[in-house]
1. In segment 36-74, which residues are among the polar types (S, T, N, Q), part of a loop (DSSP other than H, G, I, E, B) and more than 17 Å from Q26 (Cβ to Cβ)?
2. Can you report the number of residues in segment 24-42 which are surrounded by 17 or more Cβ atoms within 10 Å (Cβ to Cβ) and either closer than 23 Å to T72 by Cα or not charged (D, E, K, R) (or both)?
3. Can you list residue pairs whose Cβ atoms sit under 6 Å apart, with the first residue in segment 17-36 being farther than 18 Å from L71 by Cα and the second being of a type in the set (A, V, I, L, M, F, W, C) and loosely packed, with under 15 Cβ neighbours inside 10 Å? Count only pairs 6 or more apart in sequence or on different chains.
4. So in segment 23-35, with the set limited to residues that are of a type outside the set (F, W, Y) and in a helix (DSSP H, G or I), which one is farthest from T51 (Cα to Cα)?
5. Which of the residues that make up segment 36-71 are in contact with an Asp or Glu (Cβ under 9 Å, 6 or more places away or on another chain) and of a type in the set (S, T, Y)?
6. For N73, only one of the following conditions fails: (1) within 15 Å of T22 (Cβ to Cβ); (2) of a type outside the set (F, W, Y); (3) touching a residue at least 60 places away in the same chain (Cβ under 8 Å). What is its number?
Amino acid sequence: MTDSKLAVIFDFDDTLVPDTTTQLLQKYGINTGDFWSKDVKSLIDSGYEPTLAYLNKFLENIGKDRPFGKLTNKDLRDFGKTLDGKFFSGPSNFR
């Protein structure tokens, strides 16, 4: 018997689809202008590395009475299904 592995993949760095993080924020009604230009910027200005700043603010929106609620794997899978047709096509030599 072999061990099975499961991976959860989310394109936080936008290498697969343009700006998936902003799309997910919008889906849950989070003001993306404030999120990026105020919330995240304030952490960066205080010394955070940019990726850690936005992931920190992202996580602050998960939980009871917060915009994302529990944000389950199912929620992320359902959101991922809405991205069909938005993926970068990639280099022509990989088609």
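1. Filtering segment 36-74 down to residues among the polar types (S, T, N, Q) leaves 37, 42, 46, 51, 56, 61, 72-73.
Those still in the list that are part of a loop (DSSP other than H, G, I, E, B) too: 46, 61, 72.
Correct list: S46, T72.
2. The number of residues fulfilling the criteria is 5.
3. Sorted first by the residue in segment 17-36, then by its partner, the pairs are V17/F87.
4. K27
5. Once the filter is applied, which keeps residues that are in contact with an Asp or Glu (Cβ under 9 Å, 6 or more places away or on another chain) and of a type in the set (S, T, Y), segment 36-71 yields T51, Y54.
6. (1)
Readers should treat all values here as calculations from the given coordinates under stated rules, not as data from a laboratory. Small disclaimer: the values here were computed from a predicted structure and weren't measured. A quick note on method: Cβ atoms are made from the backbone with ideal geometry, for glycine too, and the neighbour counts reach across all protein chains shown.
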